[in-house]
Every structure is written in structure tokens, then in C-alpha cells.
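Engineer: Structure below; questions to follow.
Read the figures in this text as sums done on the coordinates, not as results from a lab. Since we're looking at a predicted model, the values are computed, not measured. Don't worry about glycine lacking a Cβ; one is built from the backbone with ideal geometry, like all the others, and counts go over all protein chains shown.
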Amino acid sequence: MPFTFTRLAIPDVILIEPQAFVDERGCFTETYKRSDFAAFGISEAFVQDNHSRSLRDVLRGLHYQKGPHAQGKLVRAVVGEIFDVAVDLRNGSRTYGKWVAETLSAENRRMLYMPAGFAHGFCVLSEVAEVLYKTTQEYAPDSDAGILWNDPDIGIQWPIATPILSEKDAHLPRLLDL
């Protein structure tokens, strides 16, 4: 199997490390193989791919989609480095309001999978980062939602002190206000 799967402190969030085949020409990496993912319990079908490009200190998030359009995500950085965060928003979950994070980079080739019911965000640690992610539901503007990146009740320890935020992200509600 060309992937190593590791459950994080929130067990439904999974760090995935693909095997890279490197030689004098460069490298080759499988980034997704449905049968291998399904064998580890990630059986959702991915239906949309997204690509973002951001500069150093940009923070995007924490975003999620509500209701029937809730998205699972498979995230990876193909250029640069990001600090990638998943926050559990699943009602009744023993880890509700808790977060996990991993550093994803073009160099380490790691990916982070989070099922539907998680808010997602990341900040850029390199000069520029390009992030690709697959989702299990198509984007639905009416289901778009988010929570404040620095909500003190969640307590994410971001590695940057003064992020660059969109106007929307700067004014998202706290978890207690949802």
C-alpha cells in the first residue's frame, strides 16, 4: 500500500502519508487511491476538487458547510507549507469543540482527511502556498458557514500572531454563538 494512515487525537481525522518514488528524474506519488482509502475506512466519494493560492501569514477559515451539504475534505499543500486545522463540530461527539492540526507541505507530501462535521482552516507558513483539496459534497453557498479563527473557547494555537484575514473570516461567529 503506497499510503500510511495515522489516526490523530480526534480519531476520525486522519493524517495520510503517501509513498514517494524518487529517482534522478524527480518523483512520482499517488495522492489518492479509492481502494486503499476504503480499506482504511475512508469510503466517501470525492465529488469536487478545489485549489487555493495564498501568501505568507494568510489564514483561511474556519469554514464548513451545514446540513445535507456538509463536506468531508482531503487536504494537501502542493506548493509551500501550511498549518492545517480541523475542529470537531459534530453534535454529541466526545471531541466536540476540540481541534487537531498538522503541518502539510509540498516537501513532506502529507495530507489531512477530515469527515463531514468539521470546520477547516489553515495558515500559510511559507512565502506562498498552494493547497488542493477534495470534498465529498459540492459547494453550496446557502450552506456556507464558519467560526472565528481565534475563538478562545476552542483555543487553537496558531503559529502566527497577526494573520491576514478576509473581511468575512474576521467577523465569523464564535462556537458558542452558533
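Engineer: Let me confirm something: among Gly67, Gly41, Gly97, which residue is without any contact (Cβ under 8 Å) to a residue 40 or more places away in the chain, more than 13 Å from the chain's Cα centre (by Cα) and on the phi > 0 side of the Ramachandran plot?
Structural biologist: Gly41
Engineer: Ok, one more. Being of a type in the set (S, T, N, Q), over 30 Å from Gly26 (Cβ atoms) and within 12 Å of the chain's Cα centre (by Cα) is the requirement here; does Gln157 meet it?
Structural biologist: Criteria not met by Gln157.
Engineer: Scan the stretch 73-93 for residues that are of a type in the set (Gly, Ala, Ser) and surrounded by 19 or more Cβ atoms within 10 Å (Cβ to Cβ) and report the count.
Structural biologist: 3
Engineer: Which condition from (1) touching a Leu at 6+ places or on another chain (Cβ under 8 Å); (2) surrounded by fewer than 15 Cβ atoms within 10 Å (Cβ to Cβ); (3) without any contact (Cβ under 8 Å) to a residue 24 or more places away in the chain is the one that Thr103 breaks?
Structural biologist: All conditions pass for Thr103, except number (2).
Engineer: Just give me the residues in the stretch 127-150 being surrounded by 12 or more Cβ atoms within 10 Å (Cβ to Cβ), touching a residue at least 60 places away in the same chain (Cβ under 8 Å) and assigned to a loop (DSSP other than H, G, I, E, B), in sequence order.
Structural biologist: Matches in the stretch 127-150: Thr136, Gln137, Tyr139, Ala140, Ile147, Leu148, Trp149.
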